[in-house]
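Read the structure below first, then the notes.
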Amino acid sequence: MKITCGTDIIEIGRIKDSIEDMGERFLERVFTKKEIEYCESRKNQKYQHYAGRFAGKEAVFKAISPQLKDKYEIGWKNIEIINDENGRPCVHFLDIEIQGIDEIDISISHCKQYATANVVAIFNS
């Protein structure tokens, strides 16, 4: 068994600026439809949630990168972070299979200026 971790922190203002400057182009490049629907539903706090998911995707990449042959084999939209029925964020891989992964867990937090995410991945090899 191998355990890896990844962490990331981002300024919420950077994500807000990217969304305001690039609009749909940025959103559709980085986030899945379900992620966009969720973040948009958060109204006044949508930028914190977009930033949290952005940091989450970066943290996932850092946790799984030792298993990747090439860092370009995974893209932003291959990682989807949505909440379960209890409101807890969960990681789903779309259109890609990560070899040997048994479990992946994510924690996302944000305040007024920053969003951060931590990921722990457990591999069977």
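The values are calculated or read from the model by the stated rules, or taken from the named source; none is laboratory data. Quick caveat, the model's predicted, so the values are computed rather than measured. So basically every Cβ, Gly included, is an ideal-geometry build from the backbone, and we count neighbours across all protein chains shown. These area figures cover heavy atoms from the full protein model, side chains too; ligands, DNA and RNA do not enter into them. Shrake-Rupley method; radii C 1.70, N 1.55, O 1.52, S 1.80 Å.
All other residues with a Cβ under 14 Å from the Cβ of G23 taken together, and with Lys, Arg as +1 and Asp, Glu as -1, what is their net charge?
-2
Give me the net charge of E37's neighbourhood, meaning all other residues with Cβ under 15 Å from the Cβ of E37; Lys, Arg count +1, Asp, Glu -1. Each step should come with its number before you reach the end.
Details: positive: K33, K34, R42, K43, K46, R53, K77; negative: E24, E28, E35, E40, E80.
Net local charge, E37 excluded: +2.
Simple spin-label estimate for E103 and N83 gives 2.4 nm between the two label positions (7 Å along the Cα-to-Cβ direction from each Cα).
Amide H contacts for C90 (H built 1.01 Å from N in the peptide plane; partners 5 or more residues away or on another chain; cut-off under 5 Å): I82, N83, D84.
The GluC sites (Glu not before Pro) of the stretch 70-111 meeting both criteria, a DSSP state outside H, G, I, E and B (loop) and at most 15 other C-beta atoms within 10 angstrom of the site's C-beta, are E85, E97.
Step through the table entries K33/K71; K43/K77; K33/K112; K2/K43; K2/K46, compare each Cα-Cα distance with 32 Å, and write down the pairs that go over it. Cα-Cα > 32 Å for K2/K43; K2/K46; rest within. Here each label is just a point 7 Å from Cα along the line to Cβ, and for R25 and I122 those points are 4.4 nm apart.
In the full protein context, the chain carries 60 Å² of accessible surface per residue, based on a 1.4 Å probe and ignoring ligands, DNA and RNA. Taken one residue at a time, the phi angles of the stretch 76-88 give Karplus couplings (6.51, -1.76, 1.60, θ = phi - 60°) of 3, 8, 7, 10, 10, 10, 10, 8, 7, 5, 9, x, 8 Hz. Gly and Pro are set to x.
Rounded to 0.05, the FRET efficiency of the H92 and D70 pair, given R0 = 30 Å and the Cβ-Cβ distance, is 0.90.
Report the percentage of all Cα-Cα pairs in the chain whose separation exceeds 22 Å, rounded to a whole percent.
Working: 2417 of 7750 pairs.
When all Cα pairs of the chain are counted, 31 percent exceed 22 Å.
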